[in-house]
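*Asks:* One structure, pasted below without further comment.
The values are calculated or read from the model by the stated rules, or taken from the named source; none is laboratory data. Source: prediction; values computed, not measured. Note that we place each Cβ from the backbone using ideal geometry, even for glycine, and neighbour counts take in every protein chain shown. Remember, those area values only see protein heavy atoms, side chains included, never the ligands or the DNA or RNA. Shrake-Rupley method; radii C 1.70, N 1.55, O 1.52, S 1.80 Å.
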Amino acid sequence: MVTKVQKWGNSQGIRLTKAALEDAQIRVGEEVEVIVRPGRIVIEPAVRVRGKYDLEQLVAQMPRRYTAKEEGWGAPAGKETW
């Protein structure tokens, strides 16, 4: 696919065809990662993992002598009951 770099306001951009986005499995509005290498610009889907934590891994990162303590959050600010 050949396209042109175009000016849009104070920015520059390129347009990608629907087919190119489908082949790359990218949908309009999704985040992409732009990787700049000497003489190249690579655009790929952004990979973000949210909410997927391994409890065993997280606990393993805790200091061995860690002991939990009660935190003081101050007086009630509304109608909550403690």
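*Asks:* With only Lys, Arg, Asp and Glu charged, each at its Cβ (+1 for the first two, -1 for the last two), find how big the charge dipole of the stretch 29-82 is about the Cα centre; round to the nearest 20 debye.
*Replies:* So the magnitude is around 220 debye.
*Asks:* A follow-up question, please. Where does each of 61-72, 19-30, 36-47 land if you order them by average Cβ count within 10 Å, highest first?
*Replies:* 19-30, 36-47, 61-72
*Asks:* Roll a 1.4 Å probe over the protein chains and send me the accessible area per residue for the stretch 33-78 in Å².
*Replies:* 111 Å²
*Asks:* Out of residues 5 or more away from Val32 or on other chains, whose amide H comes under 5 Å of its own, with H placed 1.01 Å from N in the peptide plane?
*Replies:* Placed amide hydrogens put Ala46 under 5 Å from Val32.
*Asks:* What value, in deg cm²/dmol to 500, does the helix sum -39500 (n - 2.57) over DSSP H runs of n ≥ 4 give at 222 nm once divided by the residues of the chain?
*Replies:* -4000 deg cm²/dmol
*Asks:* Going by accessible area, probe 1.4 Å, with all protein chains left in place, what is the ranking of Ile35, Ile14, largest first?
*Replies:* In descending accessible area the options line up as Ile14, Ile35.
*Asks:* Okay, next question. Need the list of lysines near Lys4 for cross-linking: C-alpha distance under 29 angstrom, and skip anything on the same chain fewer than eight residues off.
*Replies:* Lys18
*Asks:* Across the stretch 17-31, in residue order, what do the Karplus-derived ³J(HN,Hα) couplings come to in whole Hz, using 6.51 cos²θ - 1.76 cosθ + 1.60 with θ = phi - 60° and x for Gly and Pro?
*Replies:* My calculation for the stretch 17-31 gives 6, 4, 5, 5, 5, 4, 4, 8, 6, 10, 9, 4, x, 6, 7 Hz in order.
*Asks:* Where both partners of a DSSP beta bridge lie in the chain, what percent of those bridges are antiparallel, to the nearest 5?
*Replies:* Within the chain, antiparallel bridges account for around 100 percent of the total.
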